[in-house]
Amino acid sequence: ALKGTQTRDKTIPAANGKPEIKAHAAVHGLAIPTKDSVVECRIKFDGATMIDVEFDDREYKGSHYGHLCRAIVRLNGVTILDERDGGMRNDIREMRNDPSKKAEVAKLLAGRQVTYPAKLEAGRWYALVVETVGDEMRVTLDGKPAACLKSSGIAHATKSKIELGVAGKDGWFDDIKVWNAEPVKR
């Protein structure tokens, strides 16, 4: 089992000549190149507020840190984000610093994320499957559909890294499996 513990859970302001330290989830990266794939694992919330599976391409410079897309599981819902063409896209991140561009940012982000409700319990193991095929991502929990999103950034041709993240203290991953997949040609 892989335990993630978020240790930087609060932003610490800059002081005494030291820079600000931003809160950030605990992340374990897997250098497994994929385009379309299936990530299967078991997850357990043990104080965590969020557990996620993220796909990145560190060579891609159009989004912050090469973030492409992510599936986020919380006790009350499942969210899928297109980060490449959504909130992590460099120009959109920059626009967020300008309050006068709020409406423009909202328009650019339309359709780039979706959240579905869920009722999960802390301390219990769940089977999580995250699939990317073309421009679609699907999430299942315990074999039941939990979320889906079709968005252009998900179709990024090179997903060079899969990252498993935990925020809000402790969370667990176990039985982690990754397959490369190809959509059926019709």
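Only the coordinates and a few stated rules stand behind these numbers; no lab work does. Everything numeric in this text was worked out from a predicted model, so none of it was measured. Every residue, glycine as well, gets a Cβ built from its backbone with ideal geometry; the counts of neighbours run over all protein chains shown.
Tabulated results
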item: Three-way shape call for the range 10-57 based on the alpha-carbon gyration tensor, with the a/c threshold at 1.5; result: oblate
item: Part-to-part distance (alpha-carbon centres) for the range 7-37 and the range 113-127, which is given in Å; result: 23 Å
item: Likely footprinting exposure, Phe45, Phe55, fewest C-beta neighbours within 10 Å first; result: Phe45, Phe55
item: Global geometry of the range 1-122, whether rounded, prolate or oblate, following the gyration tensor of its Cα atoms and the 1.5 cut on a/c; result: rounded
item: GNM result for the chain, Cα springs below 10 Å: residue of Asp142, Asp98, Asp175 fluctuating most strongly; result: Asp98
item: Order of Arg84, Arg58 - criterion: other Cβ atoms within 10 Å of each residue's Cβ, fewest first; result: Arg58, Arg84
item: Net length gained if the chain between Lys185 and Thr11 were fully extended (0.36 nm per residue, minus Cα distance); result: 57.9 nm
item: Sorted by Cβ neighbour density within 10 Å, fewest at the top, the residues Ser100, Ser151; result: Ser100, Ser151
